[in-house]
Amino acid sequence: MTLALELVHLTKQFGEKAAVDDLSLSLEAGTFLGLLGRNGAGKSTTLKMVTGLLKPTSGSIRVLGLELDADPIAVKRQIGVMPEDMALLEYLSGPQYLRFVGRMYGLDEVTIDARREELFGKLDLSPALGTLVAEYSFGMKKKIALCAALIHGPRILFLDEPFEGIDAVTSRTIKDILLTLQQRGVTLILTTHILDVVERLCPLIAILDEGRLKGYGTLDEIRGRANGESLESLFVELVGGAQTGELSWL
Ligand SMILES: Nc1ncnc2c1ncn2[C@@H]1O[C@H](COP(=O)(O)OP(=O)(O)OP(=O)(O)O)[C@@H](O)[C@H]1O
Ligand SMILES: [Mg+2]
């Protein structure tokens, strides 16, 4: 079976700091991985490297059997990405932005517009068509970033905190979309701080801590290790650092 993703001794050094530290991980196609970790653990840095947005300091990345370094365009054709900062072209309208993205993937405008209408309907995104992305609310920007990640029908989807700032109704819709994609064999990797999302969606979990893989396994394996405690308790125990005590002036 082709592996969707293989990370071998992946490291990203920012000066003295190893944001990602010797990370090795193999994911079979069709899996749905929830990548967890505290702020600064290295989740976004990992996603940026595996999607070609950031060059690793060392180590290698294979996506769907292709070496990312040697074949970046072939890899990018097959993946969809929603980066942490969304990386939108804000001085285009939503439809213009999706046309720009869709054409980069080789789609014609009729197909792009038809998919955009479906996506907008599903995500309840209904700006006046001429409204610039710059004028969208935060949640609307998240939604258009998700549309851009989905428009070409990727085989692997990388989503960095897709539920942040999204209303509860749309969150449910997005969860449905992601589960449907998984049933169709798409590989999904998402980061989130919402443990409830991981418990509901992700059969496989990886926990990063200071750039290193601190926990990895199926949800059931991780739950087994939790001895009946919640995923939150296990997470806090694994990565440590919970602060107690009062603030001096309050
Ligand atoms: N461009 C950069 N230059 C220098 N240091 C960076 C850069 N990007 C990230 N870092 C550092 O790398 C570490 C990992 O950051 P990263 O953004 O990957 O964390 P994260 O797990 O995504 O956190 P969060 O949950 O807050 O999004 C942090 O210590 C951060 O300060
Ligand atoms: Mg991040």
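Based on the mean of other beta carbon atoms within 10 Å per residue, what is the order of 38-48, 4-14, most packed first?
So the peptides 38-48, 4-14, ranked by packing, come out 38-48, 4-14.
Out of all DSSP beta bridges in the chain, what portion is antiparallel? Express it as a percent rounded to 5.
In the chain, DSSP labels about 55 percent of beta bridges as antiparallel.
Taking the Cβ of A168 as the center, what net charge do the other residues with Cβ under 15 Å away carry, scoring Lys and Arg +1 and Asp and Glu -1?
Within the 15 Å Cβ shell, the charges total 0.
What is the packing order of peptides 150-157, 108-115, 60-67, taking the mean over residues of other C-beta atoms within 10 Å and listing the highest first?
150-157, 60-67, 108-115
Per the helix-only calculation at 222 nm, which mean residue ellipticity applies to the chain, given -39500 (n - 2.57) for every DSSP H run of n ≥ 4 and division by its residues, nearest 500 deg cm²/dmol?
Taking each H run of at least 4 residues, the total per residue is -11000 deg cm²/dmol.
Using Cα pairs closer than 8 Å and at least 6 residues apart in sequence, work out the relative contact order for the range 24-73, in percent.
21 percent
Within 10 Å, count the other beta carbons around each residue, average over each peptide in 197-205, 168-176, and list them highest first.
Sorting 197-205, 168-176 by mean packing, highest first, produces 197-205, 168-176.
If we count every other residue with Cβ under 14 angstrom of R38's Cβ, Lys/Arg +1 and Asp/Glu -1, where does the sum land?
Computed value for this residue: -2.
None of the figures in this text is laboratory data; all of them are computed from the coordinates on show. Bear in mind the structure is a predicted one, so any value in this text is a computation, not a measurement. Note: ideal-geometry Cβ built from the backbone for every residue, glycine included; neighbour counts use all protein chains shown.
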